[in-house]
Amino acid sequence: MTDSYADGAPERDSQSNTSENQQDEGIVVRLIPVLVPALLLLASLILPGFMFHAGQRGSLPGLGPAAWPGAVLAALAVFSAIWLAIEIWGFARSRKSASLSAPHDEDVYHYGKAIIGIVLVIAFGWLLPVLGFPLATMLFLFIWCLYGGLRNPLVLLLVPGIGTVALLWVFMGLALMPLSRGMGAFEGFTIALLQLIGIY
């Protein structure tokens, strides 16, 4: 009896150790979704101090070059805080995170379309100094709409046109960013467009 009890004790100890290890691993796995928004929130609060100083703007009109990245980081901080609160609430209730789980889509992921999309983005960056921001953006939005399946001529005209003008006002009109005007005749087109919409 004593020998059998002595033999069973190490087995029970190993089982308890295994269960404790599994619990520890489970806690670590559940903590990962909490760490992601926490790190994003921390980065969004720290990065503004390394980008721009308030005195760099001077007396220039407009919001200044720090407005756009500052707005993006502020939005990142807000949404990261919301995400973090959701994850902490789920962790407190011992529920699994749903925010980092893979989507259950019925459609098959098309790697070919993804590669073409990446090529379009690279082509936009390559053509930007040649065509200038307005023409390159209009062309990019037009092709992207076609690639997305839009065939309505009115939509294909309005989305690139309105989108480009809106981006010009955000970046060049308000944020005062010196975006590329292009080369040669394209530069003349950019200047004429900027004068037409009242930025220059």
A careful count of residues in region 69-91 that are of a type in the set (S, T, Y) and touching a Phe, Trp or Tyr at 6+ places or on another chain (Cβ under 8 Å) gives 0
Consider I162 carefully, then state whether it is under 21 Å from M177 (Cα atoms) and open to solvent by 80 Å² or more (accessible area, probe 1.4 Å).
yes
Expected output for region 116-132 (first residue surrounded by 14 or more Cβ atoms within 10 Å (Cβ to Cβ), partner acidic (D, E), Cβ below 8 Å, 6+ apart or cross-chain) is G132/E187
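The values are calculated or read from the model by the stated rules, or taken from the named source; none is laboratory data. Just so it is clear, the model here is predicted, and its values are computed rather than measured. Virtual Cβ from ideal backbone geometry, glycine too; neighbours counted across all protein chains shown. The area values use the complete protein model at the heavy-atom level, side chains included, leaving out ligands, DNA and RNA. Shrake-Rupley method; radii C 1.70, N 1.55, O 1.52, S 1.80 Å.
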